[in-house]
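Right, one structure below, let's go through it.
The values are calculated or read from the model by the stated rules, or taken from the named source; none is laboratory data. Model, not experiment: these values are computed from the prediction. Neighbour counts run over all protein chains shown; Cβ positions are idealised from the backbone, glycine included. Note: areas computed on protein heavy atoms with side chains; ligands, DNA, RNA excluded. Shrake-Rupley method; radii C 1.70, N 1.55, O 1.52, S 1.80 Å.
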Amino acid sequence: MAEQKPSSLHIESRLSEKRLFKPSKIFSAAARVGSAAAYDKLYKASIKDPEVFFAKQAEELYWHKKWRKVLEWKAPMAKWFIGGKLNASYNCLDRHLDGWRKTKAAIIFEGEYGDERTLTYQQLHHEVCKAANMLTSLGITMGDRVAIYMGMTPELVVAVLACARIGATHSVIFGGFSSEAIRDRVNDAEAKAIITADGTFRRGAVVELKKNVDGALRITASDTLTGCPTVENVIVLKRTGIDVEMVEGRDHWWSELMKEASHNHKAPAIDSEHPLYILYTSGTTGKPKGIVHTTGGYLLGAHLTTKYIFDLRDDDIFWCTADVGWVTGHSYVIYGPLSNGATIMMYEGAPNFPTFDRFWDIIERRKVSVFYTAPTAIRAFIRAGDDHPNKHDLSSLRLLGSVGEPINPEAWMWYHKIIGKGKCPIVDTWWQTETGAIMIAPFPGATPTKPGSATKPFFGIEPQVVSKEGKPVGANDGGYLIVKKPWPWMLRGIYKDPERFEKQYFTEFPGLYFTGDGARQDKDGYFWIMGRVDDVINVSGHRIGTMEVESALVGFSGVAEAAVVGRPDDVKGSALVAFVTMKSGAESSDEIKSKLRNHIASEIGSFAKPDDIHFTDALPKTRSGKIMRRLLRELATTGNVKGDTTTLEDFSVLEKLRTVEDEE
Ligand code: WTA
């Protein structure tokens, strides 16, 4: 069938966005929060006394022991539900087994090649109990860290919930990361075990997960098994059947251990502030940060936001397309929906395999009703043409969501018309790895939406746009997005680095949480996120620290200096552009460029490969020696520099850089 011409993708100025979409009467009538007035009332109450509000909401979770104090706040450290004890796995599973939900589907899974499996709550509970016993049999106990590096199969959910069940802090590593990146994360977390798979199917090929883990465990290609000295055991799920090396005594097949494990497991009571997980994310320095989330507050956030923003019902099939390797997968594939007793759709592979209609095909066949994806995926779908969605019956959909980066109004409109057929509210949800769960988003039955705006804050959340000096700015003025008060699902720190935690988030605006994002708030109080104001770039919804890529580049022999900036990209949101100076005598050729790209793939992962690499004799610097990334950004984006250059140390550098661009 002929491809339809893709719509143009340019990003309009959001200041001129005047469209307003009210929730339909039918949707509002059935929604948990059914009008703007109802939202305002609840929100005001939540802000007036957040402790009372959250204490009431926390009763929705099952607590082995009730807390004695709701909040202890001494910036930057928050503690929520102090003295309370609960179990996240129990909340996601056991408590649904009393009534009819025990035979309800928890996970509907589809592999990339079409293999299917459904696990009821009862079955998922059975597997998680076995896996909890399996981990215990390997000597893993409360407080140990376990790394998980798997594909999107139900066993990944089982592994996560088994860790949570015994109080082992999980650290899920996205399957796209390289051996080097795995090693850094495993060593920083001092993980005692790694749970992985032989491989996973992705875009018609096998991602060799175990091989990447082996690479992390070795220092070099030799057999020295000391790359990750804390790792005692590796559990390997057989998914693809490819050949893998198994090291006697250290590596175990998942199926063999599970066969031995009992399915009886009593979930222990775990302290509310016990670390549930560590998730590494990019920041403004070369080293990824281990964001720590604890049990009670985090689970409450995942639970409440899923309930209200996705307005889930027992007959919904909820599909969040994110990989569990990212925070979105933690909160909206696992903890949020399962704690609500919902049915999740889980798909292993790529959106364009075998063709670009795979997602729409799954929605039609599986009757997905709530669909949550990223703007970068939406833009790729626009590009692939409307025929793909148009040949499928998408009438099961009732609500759509977006996350990960600002959604441009044009992509929003396409999502609304072509996927939602004009009848599904769109929830554009702003949040971060650090915030743990949704912070700003429409309530689908209550908040009129404006394409491109994440709209209004969630209950108990007080975001604000401030100037450099920390003063609130006027309506429509751009500024820095901060959060004024602590909230239950906020990060509790950077693993083993309290100084960096304070400096990164609470120093710029003392005592206030700084998001790292720029934003403006319009006269109706709607938030419009303008993107990162630090050195973090959002590429296809993946957060990449420019410093991380730069330090990998300078680790390549012959590279003297490197600067990485982002430039707008129609599909990816931003593309990475690297400016590289070579040591004298070192070669700078197309071959070196491709070697540099491969080097990044092996140091970080393929998704972090720069789109453009420019060799240059020198980088533009200030007199104090700081690289002027702003100039490079301008150059990468427009091919020219018009902004203020008065702080440049050496003006000839700019001239040379301009010629570099001309030659390209
Ligand atoms: C960006 C993903 C605009 C933002 C959940 C944030 C967004 C970073 C949105 C966090 C949105 C996320 N609108 N920007 N709806 N959602 N972002 O940690 O820059 O991978 O700071 O968490 O993504 O990315 P992270």
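How much of the accessible area of the chain, in percent, comes from carbon and sulfur atoms when a 1.4 Å probe is used? Kindly include the intermediate steps, with their values, before the conclusion.
Details: 13150 of 25480 Å².
Taking all protein chains in place, the chain shows 52 percent carbon and sulfur surface.
Nearest 5 is fine: what % of DSSP beta bridges in the chain come out antiparallel, could you say? Let's see the in-between values first.
On the way: 61 of 99 bridges.
Close to 60 percent.
Using a 1.4 Å probe, how large is the accessible area of T284, given in Å² and rounded to the nearest 10?
T284 exposes around 40 Å² with every protein chain in place.
Are there chymotrypsin sites (Phe, Trp or Tyr not before Pro) in the stretch 569-660 that DSSP marks as loop and that have at most 14 other Cβ atoms within 10 Å, and which are they? Write out the running numbers ahead of the final one.
On the way: sites: F579, F607, F615, F651; in loops: F651.
Here the chymotrypsin sites (Phe, Trp or Tyr not before Pro) that fit, given the DSSP loop and packing criteria, are F651.
Which trypsin sites (Lys or Arg not before Pro) does the stretch 11-81 hold that lie in a coil by DSSP with at most 10 other beta carbons within 10 Å? Can you show the working numbers first?
Numbers: sites: R14, K18, R19, K25, R32, K41, K44, K48, K56, K65, K66, R68, K69, K74, K79; in loops: K18, R19, R32, K66, R68.
Hits after loop and neighbour filter: K18, R68.
Please report Rg (one decimal) and Dmax (integer) in Å for the Cα set of the stretch 291-348.
10.9, 34
What whole-number value in Å² describes the accessible area per residue of the stretch 54-203 for a 1.4 Å probe?
Numbers: 5040 Å² over 150 residues.
Accessible area per residue: 34 Å².
To the nearest 500 deg cm²/dmol, what mean residue ellipticity at 222 nm is calculated for the chain from DSSP H runs of n ≥ 4 alone, each contributing -39,500 (n - 2.57), summed and divided by the residues?
-8500 deg cm²/dmol
Which far-off residues, 5 or more places away or on another chain, put their amide H under 5 Å from the one on T120, with H placed in the peptide plane?
Answer set, sorted by chain and number: A106.
Tell me the accessible surface of S35 in square angstrom (1.4 angstrom probe, heavy atoms of protein chains only), to the nearest ten.
Accessible area of S35: about 50 Å².
Under a Cβ-Cβ cut-off of 12 Å, what is the net charge of the residues other than E112 that fall near it, where Lys and Arg count +1 and Asp and Glu count -1?
On the way: positive: R202, R203, R239, R358; negative: E110, D115, E116, E348.
Within the 12 Å Cβ shell, the charges total 0.
Which order do Y495, Y280 take when ranked by solvent-accessible area (1.4 Å probe, heavy atoms of all protein chains), largest first?
Details: Y495 50, Y280 20 Å².
Putting Y495, Y280 in descending order of accessible area: Y495, Y280.
Report the local net charge at A475: Lys and Arg +1, Asp and Glu -1, summed over other residues whose C-beta lies under 10 Å from its C-beta.
Numbers: positive: R520, K523; negative: D477, D522, D524.
Charge balance in the 10 Å sphere: -1.
What number comes out for accessible area per residue over the stretch 255-358 if the probe is 1.4 Å? Units Å², please. All intermediate terms of the calculation are to be shown ahead of the outcome.
Numbers: 2710 Å² over 104 residues.
It amounts to 26 Å² per residue over the stretch 255-358.
Can you give me the accessible area per residue for the stretch 540-663, using a 1.4 Å probe, in Å²? Mind dumping the intermediate values first?
Values: 5650 Å² over 124 residues.
Ligands and nucleic acids excluded, the figure is 46 Å² per residue.
Lysines near K496 by alpha-carbon distance under 21 Å, same-chain residues fewer than 8 away left out - which ones?
K74, K79, K192, K287, K289
Just to check I understand the Karplus step: with θ = phi - 60° and J = 6.51 cos²θ - 1.76 cosθ + 1.60, what whole-Hz values come out for the stretch 563-578, glycine and proline as x?
Once rounded to whole Hz, the list reads 9, 10, 9, x, 10, x, 9, 4, 9, 7, x, 10, 10, 8, 10, 10.
Take the Cα radius of gyration of the stretch 540-663 and divide it by 2.2 N^0.38 Å, with N its residue count; two decimals is plenty. Don't skip to the answer; put the middle values down first.
Working: Rg = 13.9 Å, N = 124, 2.2 N^0.38 = 13.7 Å.
Dividing the Cα radius of gyration by 2.2 N^0.38 Å gives 1.01.
Report T507's accessible area, 1.4 Å probe, all protein chains in place, as a number in Å² to the nearest 10.
80
Please list the non-local residues whose amide H lies under 5 Å from the amide H of A560, H modeled 1.01 Å from N, same-chain partners needing a gap of 5 or more.
Residues meeting the criterion, in which the H sits 1.01 Å from N, are T581, M582, K583.
Given contacts defined as C-alpha pairs under 8 Å and at least six residues apart, what's the relative contact order of the chain, whole-number percent? Mind showing how you got there, number by number?
On the way: 1454 pairs, mean separation 93.7, N = 664.
Relative contact order comes out at 14 percent.
I'd like the Kirkwood hydrodynamic radius of the stretch 95-172, using the inverse of the mean 1/r over distinct C-alpha pairs, in Å. Numbers along the way, then the final one.
Numbers: mean 1/r = 0.0753 Å⁻¹.
Final number for the Kirkwood radius of the stretch 95-172 is 13.3 Å.
Regarding the chain, what are the three Cα extents along the principal axes, ordered largest first, in Å?
Largest first, the chain extends 74, 64, 61 Å along its Cα principal axes.
Net charge around D316, counting only other residues with Cβ within less than 12 Å of its Cβ (Lys, Arg = +1; Asp, Glu = -1)? Let's see the in-between values first.
Values: positive: K104, K307, R313, R366, K367, R398; negative: D311, D314, D315.
The answer is +3.
Antiparallel DSSP bridges in the stretch 540-663: what percent, to the nearest 5? Intermediate values should be presented prior to the final figure.
On the way: 12 of 16 bridges.
Bridges in the stretch 540-663 are about 75 percent antiparallel.
Given points 7 Å out from each Cα along the Cα-Cβ axis, report the R250 to D393 separation in nanometres with one decimal.
Reported label-point gap for R250 and D393 is 5.4 nm.
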